[in-house]
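Data block below; observations after.
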Amino acid sequence: MKKLIGGLVVATLLSFSLLPGVSAQNSWGYVQAGQTLTQDFNGLPSSGSFAWVGKGPHFLGGVPINASALPGWMAWQLGGSGSNAIFGITTGSATASGVYSVGSSGSSERALGCLASSTGIYAIGTKLVNQSGQTLQELVVELTAEQWRKGGSGNANRWVCKMATGQPGEEALAQWTEVPNLTLRSLHSSTGAVTLNGQLAENKQVLSAQITQVGWLPGNWLMLRWEDMDEAGSDDIMAIDQFQFTAHPGSVPLPTVDSLVALSPSPTRADTVAYGIQFNGNVLGLGPQHFSLVAQGLSGAHLAHVTGEGKSYQASVVTGSGQGYVVLGLAQAAGILPGLQGLPFWSFDTIWVDKKGPVIRTA
């Protein structure tokens, strides 16, 4: 089965070992359309040693890891010379291939990552089951990608995100569709190996995607996984944290602006216009960083600052000099807000600015 994701259709048939017997830890139940499932991976161990037998898939909620707070999360050894998949604990200093519970030493704040080499090429991911009683057509997924190791090869590494759906018992026939917006990429790839703290702002990045035309039927499973590509040289460690998943039965309406107030008595002549903005609808993932300003005919017009969260924001626009207009809107939000698919810029207010005034001519 082929699926459309952001206008790109990719279908790849990969081998998938038969899943273990049905267990509460082998899948993540999605029971109500529109609900948001979250996973912070803090249920992963921060110490200990563990031994898997075989290449998997291995469920993290099962023996020997017993991370019961991670239902449906699993790991695969897709290739490499090793006979058994490896699971370990690391602060980012690990150099051997494997799946890792990543975090600072002894800390309960964890993330799920992996590292590839010729002895083991891995994938990490999750399996959900549609228990909502409805066919779910649209997914909204968000996660934080954290880099914990720079291998020093000089090559940017990738963990390609793919998705598949199917009926129970058909996991071995999974046809994987690439989800480019959720693919993890090294944030640092210069030469010289170094351990990083993936919790620091410079070592992490929020990724999100809106996936349409999914056709996830009641009772069927849906899997998302990240395949670690074994690039030349010593590889990096990237990890997934703060995962969020929402599914809808159909197209989600465009979010709306409930109220927008320009707090200036005369915006046309004002040097600065302050806004109060209130959104309505699904704006999960929206933040100040998504606001943008487009100006034409003006010099020095810019968005001075935006504050707020959720559905309420305040913005300050510097109008600059000259004669023209400024347009306030959202940019790069197509993967964040359901309904904005394919819209690089969504405008919600335009102000005409005239600071030239009348031209007085003398004889």
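Consider residue 295 carefully, then state whether it is within 25 Å of the chain's Cα centre (by Cα) and either modelled with pLDDT under 90 or over 30 Å from residue 144 (Cβ atoms) (or both). The answer is no for residue 295. Could we say that residue 198 is in a loop (DSSP other than H, G, I, E, B) and either among the charged types (D, E, K, R) or surrounded by fewer than 22 Cβ atoms within 10 Å (Cβ to Cβ) (or both) here? It is false that residue 198 is in a loop (DSSP other than H, G, I, E, B) and either among the charged types (D, E, K, R) or surrounded by fewer than 22 Cβ atoms within 10 Å (Cβ to Cβ) (or both).
Filtering 103, 113, 92, 88 for residues that are surrounded by fewer than 24 Cβ atoms within 10 Å (Cβ to Cβ), in contact with a strand residue (DSSP E or B) (Cβ under 9 Å, 6 or more places away or on another chain) and modelled with pLDDT of 95 or more leaves a single hit, 88. Number of residues in region 133-164 that are among the small types (Gly, Ala, Ser) and surrounded by fewer than 19 Cβ atoms within 10 Å (Cβ to Cβ) equals 4.
Say whether the condition of being buried (at least 23 other Cβ atoms within 10 Å of the Cβ) and part of a loop (DSSP other than H, G, I, E, B) is met by at least one residue in region 222-235. Scanning region 222-235 turns up at least one residue that is buried (at least 23 other Cβ atoms within 10 Å of the Cβ) and part of a loop (DSSP other than H, G, I, E, B). Pull up region 165-184, narrow it to residues that are crowded, with 17+ Cβ neighbours inside 10 Å and hydrophobic (A, V, I, L, M, F, W, C), then point me to the one that is farthest from residue 195 (Cα to Cα). Only one residue fits best here, namely 174. Looking at the structure I just gave you, is residue 208 over 15 Å from residue 126 (Cα atoms) and either outside any loop (DSSP other than H, G, I, E, B) or touching a Pro at 6+ places or on another chain (Cβ under 9 Å) (or both)? Taking the combined requirement at face value, the residue satisfies it. Could you say whether any residue in region 120-131 is at pLDDT 95 or above, more than 19 Å from residue 225 (Cα to Cα) and part of a loop (DSSP other than H, G, I, E, B)? Yes. Filtered by the rule that a residue be more than 26 Å from residue 96 (Cβ to Cβ) and touching a Leu at 6+ places or on another chain (Cβ under 6 Å), region 183-209 gives 207, 209. Pairs are defined by a Cβ separation below 7 Å, a sequence spacing of at least 6 or placement on different chains, a first member in region 185-213 that is under 20 Å from residue 90 (Cβ atoms), and a second member that is aromatic (Phe, Trp, Tyr) and buried (at least 18 other Cβ atoms within 10 Å of the Cβ); the pairs so defined are 196/148; 198/148.
Among the residues of region 64-90, write down those that are in contact with a Phe, Trp or Tyr (Cβ under 9 Å, 6 or more places away or on another chain) and without any contact (Cβ under 8 Å) to a residue 24 or more places away in the chain. Selection gives 64, 65.
The values are calculated or read from the model by the stated rules, or taken from the named source; none is laboratory data. Because the structure is predicted, anything quoted here is derived from the model rather than measured. FYI the Cβ positions are ideal-geometry reconstructions off the backbone, even for glycines, and counts take in every protein chain you see.
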